[in-house]
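Each reported figure results from applying straightforward, stated rules to the coordinates on display, with no laboratory input. Every value quoted in this text rests on a predicted model; they were computed, and no experiment measured them. Please note: Cβ atoms are built from the backbone with ideal geometry, for glycine as well, and neighbour counts cover all protein chains shown.
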């Protein structure tokens, strides 16, 4: 009896091994020699709420593209892997894209950690890589084959501080998430804050899975002289901060980051979100953009397609993936070639591309090409966005 | 004073959440000596289930009830399909089985539900209650009340009912319990079902405060487990006291010292308790059987 | 004769060496070498747990913490102090060993679940330190590791790292086999069976347990250092709870106490996500299911079961 059970298991192990070797082998023998674009995102794991809309956007985009006849007259094949937020796995999948799938370009990398792990693979293989992660280290110093679409934290900080300065706030409190996003943004904000003559009186943190931030907010409440509060963070943390803020009856203006620029933040925070300000791309206020706004058409198109297909509201993060893929596709069209080197050169020469996140103009010195003008400062009023400043 | 009171409120709110989760650990551990790492996922099923059923148009109380029933079914299946076949396995193997179950449940949940955060409306509104210059949300009182209610119910069940005594007897000596006529399999299934219900009830009550997502179970399991352990594994009173203690220490640590190592508090406490009181605050003294 | 061969230490080593030697000739692309190199690294970490769990019968649910120590030593040493990475690998191993020695004494007094939660807590605290001390560790996004040069030869690419990690694994396996056969190893196995009986027959139980804990920590730290250097990056989640669980799962799935088992278990869990990519959204569910299924239906693990099956056929 015992041996028969193990025998079965041994058989299964062999079957699994066979399945592995076929799926790892060159199994994608599609007709018409497709253009292979690779992606590794964190569709599961702690960063899933970023990676999930990214994965959905990339798939939708490629579907639509193929419906319209593909690229250079060839179909496009998206080779998409999920790293679960693990940098080690991300690097392995990146190697797989380059060595095994032989992709000509890559759009992905949900977090800064996974992006940094994958950069050497694409640099060594000389394959263009557009990252969807926030940190400025990805493009500073400039790496030949690495680009990114998300605004840097620095521009978000600058946008917020511009507004604070205009309103005459010089003393603020900060409460930051200790996740990668929150920490990186806090550091960037502290770097540029001096330029605006603003000082931080209280500087607090909270963990990524904390469910009550009243102790930290209470400190801010009890510090005299604070005129406004800034909360760099993403995920559920800022929603809880916003609720606790209202619970404690703090009436100072609260600034959130672009990390929560999504309808779901407003839903989670509820009425407490009223009066909160945050920098966000045009995508969030698609229907409120002026008719002559250059971004209006592209933003409306993406929003309509995404929300129809997924039933979920668009988020900034899906938008980053949209712009990343669109930039790559445009570069391949411009290059009229799938040679990675030529794609890279075309990508670097991107001029005045109107995307959902902003208007990109790249150069040999700037592999992002977005300024603070890509952000709009939004105010939440009655559960909806109001554009405060351009 | 107001600041102190505010920290106490914060600590009690979070502590009651931990206590609720810890109570779920208690029953399964009492009956079967299994520490169920999937306990946090029952909490998730309670919360996420209610959110999605309510979104489908079902009235909130009914949605909550259905979610709790759903969690109970998952609990019974967990026992029948994973724990029962592995009878006699070592503690490490049992831990790995429940961790595997936890990964499995999360894996299914992210497909059945989604990967975004969700919330439920607070039961009695969001207007904070002012006490001595500090504020507390009505939902916090709900969490504390439910934790207290479940604790009393669990205590009475274990101490005063025949079934409860049968359960404790099963834990103490499975063979002897069987000899005196206890149907051990049913008792164990019952423990898993009720634990799942406790977890899911906790999920419904805490979601308006903590929010929920397919993977919140891990955090709940670790903190709730720490709470149960600090109090002394298997003791309902220990679960509540352990939960509140950790919640209060986290709040005071964050309020008076620094919030950077808030998540370490539970584990530092656990290491200290284990080093000096190896069976927890309320654990019995027992002799190792050879 | 065949049965004797199956049980011999040399045969295990030769078998492992042949596998490591042959794979590069069969691999269709460098990607396979990358996967194999990751397997060798995790197998090395799992070998440490084999000594602790398989030989001494003590569980650790925080072992990835030691892996993190090794990784951050290789990251921080060259960046902050200008030390050579190879030296940092050694320093990381020493730090992990000393730390294990210090915390091991009180922790290893605990038994069963209490030991499990204490090691879990220790691991969580370590990963929180890596997460929080940004000025040293780069914070949650991790830290870049400078590329390694050894005798003027720049280590890069999957092929080079394949041989480095494969060599490290062979050395690690040789040491683990010898530990198993040494008087300490036999004492450990005795206390695995019954601590009370072992103490009764004159074995210094707590000293032996501590030795196993320190050895396990050193293995994990070396593996962590290699992993960080190979990836050019280390992140705090490498030291996290889920990775500790993964290490324990490798040891149990492969076969508790078996050196080859650690390698097979590591191969299983590293290759699995690569094999499951076609499952997309169900990947995690399948992983959880397989962990449960192995624990329930194959509690002895793959290698001991296969060995027993072979022995029965041969006799």
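The distance between label points at residue B:76 and residue A:381 comes to 5.5 nm (points 7 Å beyond Cα on the Cα→Cβ vector). For the stretch A:206-234, the residues whose backbone nitrogen is under 13 Å from a point 7 Å from the Cα of residue B:2, taken along Cα to Cβ, are A:218-224.
The base-10 log of I(q)/I(0) for the protein assembly as shown, evaluated at q = 0.04, 0.07, 0.09 Å⁻¹, reads -0.19, -0.59, -1.00 [Debye formula, identical scatterers on Cα atoms, solvent excluded]. The peptide list B:256-269, A:121-134, C:41-54, put in order of mean Cβ contacts within 10 Å with the highest first, becomes C:41-54, A:121-134, B:256-269. Each peptide among C:206-216, A:148-158, C:299-309 gets the average number of other Cβ atoms lying within 10 Å of its residues, and from highest to lowest they stand as A:148-158, C:206-216, C:299-309. Computed over the stretch A:37-148, the quotient of the alpha carbon radius of gyration and 2.2 N^0.38 Å is 1.01. With viscosity 1.002 mPa s and temperature 20 °C, the Kirkwood radius over alpha carbon pairs of chain A converts through Stokes-Einstein to a diffusion coefficient of 97 µm²/s.
From zero up to wherever the largest Cα-Cα distance of the stretch B:2-218 sits, split into 5 Å bins and tell me the percent of pairs in each. Going out from 0 Å in 5 Å bins, the stretch B:2-218 shows 1, 7, 14, 18, 17, 15, 12, 8, 5, 2, 1, 0, 0 percent.
Of all DSSP-defined beta bridges confined to the stretch A:153-280, some 0% are antiparallel rather than parallel.
Computed from label points 7 Å out along Cα-Cβ, the spacing between residue C:149 and residue B:160 is 7.8 nm. For the stretch C:33-58 and the stretch C:92-153, what is the separation of their C-alpha centers, rounded to whole Å? The stretch C:33-58 and the stretch C:92-153 have Cα centres spaced 16 Å from each other. In plain terms, the bigger the Kirkwood radius, the slower the diffusion; for the stretch A:297-390, with that radius from Cα pairs, at 20 °C and 1.002 mPa s, Stokes-Einstein puts D at 144 µm²/s.
Stretched out straight at 0.36 nm per residue, the stretch from residue A:287 to residue A:59 would grow longer than its current Cα-Cα span by 79.6 nm.
Counting, for every residue in C:126-133, the Cβ atoms of other protein chains within 10 Å of its Cβ and taking the mean gives 4.
As a calculated quantity, the FRET efficiency between residue A:274 and residue C:135 at R0 = 41 Å, using C-beta atoms, amounts to about 0.60. Mean sequence separation of contacting Cα pairs (under 8 Å, at least six apart), scaled by the length of chain A, corresponds to a relative contact order of 15 percent.
Distance from the alpha carbon centroid of the stretch B:74-145 to that of the stretch A:313-348 works out to 42 angstrom.
For the stretch B:193-217, backbone nitrogen atoms closer than 19 Å to the point 7 Å from residue B:62 Cα along Cα-to-C-beta are found at no residue. Rg/Rh for chain C (Cα atoms only, Rh after Kirkwood) is 0.96. Sequence-distant contacts, meaning Cα pairs under 8 Å at least 6 residues apart, place the relative contact order of the stretch C:2-314 at 34 percent.
Here the relative contact order of the stretch A:153-280, from alpha carbon pairs under 8 Å that lie six or more residues apart, stands at 27 percent. Counted residue by residue at 0.36 nm each, then reduced by the alpha carbon distance between them, the extension gain from residue B:52 to residue B:84 reaches 8.4 nm.
Note on residue B:276 and residue C:277: the model spin-label points, each 7 Å out from Cα along the C-beta direction, lie 5.3 nm apart. Treating r as the C-beta distance of residue B:111 and residue C:109 and R0 as 41 Å, the FRET efficiency rounds to 0.40.
Where both bridge residues fall in chain A, DSSP classifies roughly 30% of the beta bridges as antiparallel.
Principal axis extents of the Cα atoms in the stretch A:153-280, from largest to smallest and rounded to whole angstrom, are 33, 28, 23. If a spin label sat at a point 7 angstrom from the Cα of residue A:142 along the line to its beta carbon, the backbone N atoms of the stretch A:361-383 nearer than 11 Å would be those of A:362-369. Between the alpha-carbon centres of the stretch B:203-236 and the stretch B:21-39 there is a gap of 12 Å. The mean count of C-beta atoms from other chains within 10 Å of the C-beta of residues in B:82-92, rounded to a whole number, is 5.
Using a Förster radius of 35 Å, what is the FRET efficiency between residue B:179 and residue B:152 based on their Cβ-Cβ separation? Nearest 0.05, please. It comes to 0.65. May I ask you to work out the translational diffusion coefficient for the stretch A:277-335 at 25 °C, viscosity 0.890 mPa s, via Stokes-Einstein with Rh from the Kirkwood sum over Cα pairs, reported in whole µm²/s? It diffuses with D of about 197 µm²/s by this estimate.
Structure remark: mean-square fluctuation, Gaussian network model of chain A, C-alpha springs under 10 Å; the largest value among A:169, A:93, A:147 belongs to A:169.
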